[in-house]
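The values are calculated or read from the model by the stated rules, or taken from the named source; none is laboratory data. Bear in mind that the values here come from a model prediction, so they are computed numbers and not experimental data. Counting neighbours? That spans all protein chains shown, and the Cβs are built from the backbone with ideal geometry, glycine included.
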Amino acid sequence: MQANQKSLTSEKQESILTGEEGSVIVIALIILMLLTMIGTSATNTSTVEIQVAGNERNYKKNFFRAEAAAMQASQSIQNAPNHTQTWMLDETFLHDASPSTKFDTIGNWTDRSASEPEFANTHSLVVYTGIAPWSSLDMTSPTQVRAFAVYGQRVAANERLIIETGFARRM
């Protein structure tokens with residue numbers, strides 16, 4: 001009887017295992033598909049991250065070039081003998097022009113690429129805004145503190161970046 005039970009048990013085990021010869025291939029293919037999807041997703045994520053890093057690099061490069069143009073313009077103000085230079089605009093420019101077209105006229109901008117070729121398409125704009133409201137009321141001083149709005153612009157590949165800084169100088 002024990003020998004009979006052993007043979008029944010081994011027959012049950014054989015019947016359970018019969019017809020499962022291809023299951024290993026199916027499981028392997030499912031695992032392979034999952035790994036392929038994970039790899040494709042990682043590749044797509046890496047591609048997007050590379051594009052974001054490139055855009056950030058271009059933005060920073062354009063920002064610093066626009067800032068350099070504004071700094072050059074500030075230096076020009078510092079070296080100017082008075083506040084009525086031909087390359088300076090008065091504050092009516094800020095109030096008369098519409099906000100959308102105010103900075104579009106390239107004739108208002110001073111080209112800063114002459115000094116350095118890498119600054120091509122980099123411009124500055126200086127607007128004299130008047131006597132600084134916080135300037136001294138010292139009646140004995142022959143000069144007054146004059147305020148300026150200084151703009152730097154960088155135009156590159158469908159991108160336009162404008163920064164604004166302030167500048168004040170006793171003249």
Checklist line | Residue in the range 39-51 that is β-branched (Val, Ile, Thr), over 24 Å from the mean Cα position of the chain (by Cα), at pLDDT 80 or above and surrounded by 11 or more Cβ atoms within 10 Å (Cβ to Cβ) present | finding: no
Next item on the list: Would you point out which residue out of Ala66, Ala120, Ala168 is within 24 Å of the chain's Cα centre (by Cα) and modelled with pLDDT of 85 or more?
Entry: Ala66
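Restricting attention to the range 56-67, which residues are surrounded by 19 or more Cβ atoms within 10 Å (Cβ to Cβ) and either without any contact (Cβ under 8 Å) to a residue 40 or more places away in the chain or in contact with a helix residue (DSSP H, G or I) (Cβ under 9 Å, 6 or more places away or on another chain) (or both)? Write out each step before concluding.
Narrowing the range 56-67 to residues surrounded by 19 or more Cβ atoms within 10 Å (Cβ to Cβ): 62, 65-66.
Matches in the range 56-67: Arg65 only.
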Checklist line | Thr36, sole failed condition from (1) more than 29 Å from the chain's Cα centre (by Cα); (2) within 16 Å of Leu125 (Cα to Cα); (3) modelled with pLDDT of 80 or more | finding: (2)
Next item on the list: Can you give me the number of residues within the range 21-69 that are of a type in the set (Ser, Thr, Tyr) and closer than 30 Å to Thr110 by Cα?
Entry: 1
